[in-house]
Amino acid sequence: MTPPVPSQNSPQTTQSTYSGITTRSVLIGIGAVICQCLITPYNDFHVGGTYLAGNHMPIAVVFVMLVFVLGVNVLLKRLRTGAELQGSELLIVWGMMLVASGIPSSGLMRYLIPLAVSPFYFATPENEWATLFHQHLPEWMVVSDPKAVFYFYEQLPEGDAIPWRAWLKPIVGWSVFVLIFYFVTICWTVLLRKQWIEYERFTFPLVQLPIEMFQTPSGGSLVNRFFKSRLMWCGFAIPVLLHGLKGLHLYFPSTPNPPLYFPIAQFFTEKPFSALAWWPSVNLFIYPSVIAVVYLLTLEISFSFWFFFLLGKMETVLIYATGSKVNQWNFHQNQQMGGFLIFIVLILWSGKRHFTRAFTAIFKPKRTNDTHEPLSYTFAVFGLILGILALCLICTTAGMSFWVALFILLLFLGLTTVMTWMVANGGLLFVLYAFLPGEYLITLFGSSRVNASSWTLVAYERVLMFDMREILMPSVMNNFKLADPLRLKQRPFLIAMGIAIVLAIGVSYYASIDLAYTHGAVNLQHWTYMISTTSPFNRLTSILQHPTGIELERLGSFIFGGAAMFGMFWMRQYYLWWKLHPIGYLMMTSYATYCFWGSFFIGWLLKYTVLKFGGVAQYRKLRPLILGVVLGECFIGGIWIIVGLITGIGYRLLPG
């Protein structure tokens with residue numbers, strides 16, 4: 001993790017060689033963002049097919065850019081040479097869509113909109129929600145009007161208007177909070193950018209495809225050399241054929257249905273190995289695009305991902321075999337919580353020289369070389385500090401203790417930094433962890449140390465801090481990485497991303513609320529509107545009714561996890577033969593690992609075999625094939641999304 005010392009004389013590309021944003025690219029990006037945010041809630045939660053985003057290389061974004069590169073650009077070039085969108089312009093459209101992709105779904109609205117209504121709709125005399133915590137809910141956070149609440153779930157009668165007045169305060173209140181939250185995230189990402197991109201030189205596996213797609217064609221060609229590669233088109237054909245047949249099988253059952261899911265957990269029925277069927281089970285899913293991305297990773301990262309998943313299952317088997325009364329879920333969960341905390345510290349420690357220079361820029365701004373940064377370090381540092389204080393002030397005004405607000409915000413900033421590290425350097429498409437920041441309060445302090453008002457507001461951490469598959473920070477960091485090879489100025493690019501974020505929030509409010517009142521939330525995706533919206537309040541009820549102090553079992557597994565993480569870093573630092581990467585340990589019982597461990601194993605085995613028998617030359621030769629697989633899965637996914645929007649029957653090719 002120790003970065004190389006930056007050279008003071010390293011060559012820098014002059015700012016004049018970089019392109020700024022163009023009006024047409026921003027207008028195209030705005031149109032794409034609006035369409036994306038209008039369609040996403042309907043597709044994700046009504047049709048129920050493949051999510052438009054759903055991961056950190058969103059299918060919809062790749063599909064749209066493929067249409068631009070092979071359709072719009074080719075047509076424009078045929079009409080008039082030079083009229084086509086340049087690589088930097090394509091990047092602007094890509095970047096705007098990328099940062100907006102999660103907002104109408106799992107990155108924000110999937111949890112914000114239902115959680116504004118559910119504490120009142122699901123309240124009953126039996127669960128005692130009204131007496132336990134309704135008095136602690138600020139009016140700007142929730143919709144309490146009985147008619148607005150009822151029709152949100154039960155469908156608005158034909159001819160009635162959506163009760164926008166009841167939503168006005170929550171929309172304004174949450175918008176202020178979310179925009180400040182996103183601003184803080186961007187400021188912190190700016191401060192991380194140079195450390196990860198220039199000093200530590202992260203691999204950024206997920207940006208390799210757009211870099212290839214957006215390269216300018218040479219010699220008057222209609223497409224660049226990437227799209228002329230026969231090997232790439234061979235890879236492209238693999239997922240198109242597989243998911244083409246599986247999608248057709250959904251509509252025409254006589255069509256062959258290639259197996260991509262193998263329920264191997266059913267074979268483990270005898271104790272203690274029946275623990276292998278306990279959530280998350282060892283069932284095997286095959287995702288071609290995940291296998292392809294894994295091929296681009298280092299062997300130690302891909303090996304560690306599936307190895308630690310199986311190791312976690314072996315821990316569970318051992319607990320079963322010994323008859324231990326240890327709570328398995330708490331044991332695994334707190335292990336990872338301890339590991340995450342140590343990982344955060346090590347990330348900060350590895351970049352201590354850079355962060356020191358960046359934070360001291362507020363005292364010596366003229367001596368800091370931040371001309372090419374998306375924001376000046378002085379602005380980013382002040383923005384980070386003042387933004388966090390503003391968020392804490394909002395939370396305190398709403399009834400949360402200041403120390404709880406500061407603890408949760410700083411902790412989540414650390415957790416999202418680790419997750420972004422996993423995406424930027426580990427190439428993880430889909431990231432979820434098995435706990436929320438509030439769990440740290442229980443483990444480190446005990447639930448009784450936090451008052452009821454604070455716990456009520458902590459329940460809303462689910463809005464921004466639960467589903468990491470579409471969070472903002474990895475998208476912003478990937479965009480920063482793409483700007484240099486495609487020669488786009490960082491600061492104008494950041495302005496375009498800011499426009500996309502603000503626009504996406506506004507459009508997503510309309511699309512998400514309109515969807516619920518038009519169709520009735522009870523008729524939409526069950527997990528999102530019925531389970532996910534009640535589980536945080538059921539947990540809150542349990543915490544308020546049964547307060548606890550510090551539990552030694554939780555704290556012990558937490559310390560064990562932190563010690564294990566530190567030990568793995570120490571082994572990596574001093575022993576070259578140590579090949580276990582801590583990233584796998586952090587994702588040991590995640591839903592993402594459950595979905596992807598089999599594909600990681602296949603991708604690891606493929607790369608290991610190629611390097612073993614073909615060497616580095618053969619590994620590089622197959623790179624277009626691998627990128628073609630990713631592109632092909634995004635293409636066929638986009639086709640089935642369109643078909644699903646037309647027919648109302650969705651086909652899912654990635655986890656939901």
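The values are calculated or read from the model by the stated rules, or taken from the named source; none is laboratory data. Predicted, not measured: the structure shown is a model, and the values here were computed from it. Glycine also receives a Cβ, built like all others from the backbone with ideal geometry; neighbour counts cover every protein chain displayed. What goes into the accessible areas is simple: the full protein's heavy atoms, side chains included, and nothing from ligands, DNA or RNA. Shrake-Rupley method; radii C 1.70, N 1.55, O 1.52, S 1.80 Å.
If I stretch the segment between residue 311 and residue 563 completely, what's the gain in nm (0.36 nm per residue apart, minus their alpha carbon distance), one decimal? Can you show the working numbers first?
Working: separation 252, 0.36 × 252 = 90.72 nm, distance 1.69 nm.
Extending this stretch completely gives an extra 89.0 nm.
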What helix-only [θ] at 222 nm does the chain give? Using -39500 (n - 2.57) per DSSP H run of at least 4, over all residues, to the nearest 500, the answer is -20000 deg cm²/dmol
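Compute the relative contact order of the chain as a whole-number percentage, counting only Cα pairs closer than 8 Å that sit 6 or more residues apart in sequence. Mind showing how you got there, number by number?
Values: 988 pairs, mean separation 220.5, N = 656.
Relative contact order, the chain: 34 percent.
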If R0 is 22 Å, what FRET efficiency do you get for residue 410 and residue 359 from their C-beta distance, rounded to 0.05? 0.90
Taking amide hydrogens as modeled 1.01 Å from N in the peptide plane, which residues meet the under 5 Å criterion relative to residue 653, leaving out close sequence neighbours? 50
What is the range 236-380 by shape, rounded, prolate or oblate, if you read a ≥ b ≥ c off the alpha carbon gyration tensor as root eigenvalues and call it rounded for a/c under 1.5, prolate for a/b larger than b/c, and oblate otherwise? oblate
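According to the square roots a ≥ b ≥ c of the eigenvalues of the Cα gyration tensor, what is the shape class of the range 136-243, taking rounded for a/c under 1.5, prolate for a/b larger than b/c otherwise, and oblate for the remainder?
Numbers: a/c = 3.52, a/b = 1.79, b/c = 1.96.
Verdict is oblate for the range 136-243.
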Nearby lysines by direct alpha-carbon distance to residue 607 (threshold 22 angstrom, same-chain neighbours under 8 apart not counted): 579, 621
Going down the table (364/489; 246/612; 352/481; 77/228), which pairs top 26 Å between alpha carbons? 246/612
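What's the extension gain from residue 570 to residue 531 if we count 0.36 nm per residue and subtract their Cα-Cα distance?
Numbers: separation 39, 0.36 × 39 = 14.04 nm, distance 4.15 nm.
Residue separation times 0.36 nm, minus the Cα-Cα distance, leaves 9.9 nm.
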Is the C-alpha gyration tensor of the range 208-320 telling us rounded, prolate or oblate? Criteria: a/c under 1.5 is rounded; beyond that, a/b larger than b/c is prolate, otherwise oblate. oblate
Cross-link partners among lysines for residue 271, C-alpha distance below 22 Å, same-chain residues fewer than 8 apart left out? 313, 325
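Would you kindly state the longest site-free stretch of the chain, with sites defined as chymotrypsin sites (Phe, Trp or Tyr not before Pro) in a DSSP loop (not H, G, I, E, B) surrounded by at most 10 other Cβ atoms within 10 Å? Before the final figure, lay out the partial values.
Details: sites that count: 363, 575, 577.
That gives 1-362 as the longest site-free run.
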Simple SL model, points at 7 angstrom along Cα→Cβ for residue 24 and residue 72; separation in nm is 1.0 nm
Sticking with the crude label model, points 7 Å out along Cα→Cβ, report the distance from residue 135 to residue 620 in nm, one decimal please. 7.0 nm
Spacing of the two label points (7 Å from each Cα toward its C-beta) at residue 352 and residue 264, in nm: 4.3 nm
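For the chain, which DSSP H helices look membrane-span-like by this rule: Cα extent along the axis of 24 Å or more and mean Kyte-Doolittle of at least 1.0?
Numbers: long enough: 23-42 (30 Å, 1.34); 164-194 (45 Å, 1.18); 230-251 (31 Å, 0.94); 299-322 (34 Å, 1.23); 328-350 (33 Å, 0.51); 377-398 (31 Å, 2.20); 402-426 (35 Å, 1.90); 490-519 (42 Å, 1.09); 552-574 (32 Å, 0.52); 591-621 (35 Å, 0.36); 623-647 (36 Å, 1.88).
Span-like helices here: 23-42, 164-194, 299-322, 377-398, 402-426, 490-519, 623-647.
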Ignoring ligands, DNA and RNA, please state the percent of accessible area on the chain from carbon and sulfur, probe 1.4 Å. 66 percent
Taking Cα extents along the principal axes in Å as the quantity of interest, determine which of (i) 103, 82, 43; (ii) 100, 77, 42; (iii) 73, 71, 65 was computed from the displayed structure. (iii)
Charge tally in the Cβ shell below 12 Å around residue 236, where Lys, Arg are +1 and Asp, Glu are -1, residue 236 excluded: 0
Among the aspartates and glutamates, which have Cα under 20 Å from the Cα of residue 194 when same-chain residues fewer than 8 positions away are ignored? 370, 373, 484
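Under a 1.4 Å probe, what is the accessible area of the chain per residue, stated in Å²? The partial results should precede the final answer.
Values: 26510 Å² over 656 residues.
For the chain, the solvent-accessible area averages 40 Å² per residue.
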Within the range 231-319, list the GluC sites (Glu not before Pro) lying in a DSSP loop whose Cβ has at most 14 other Cβ atoms in a 10 Å radius. 270
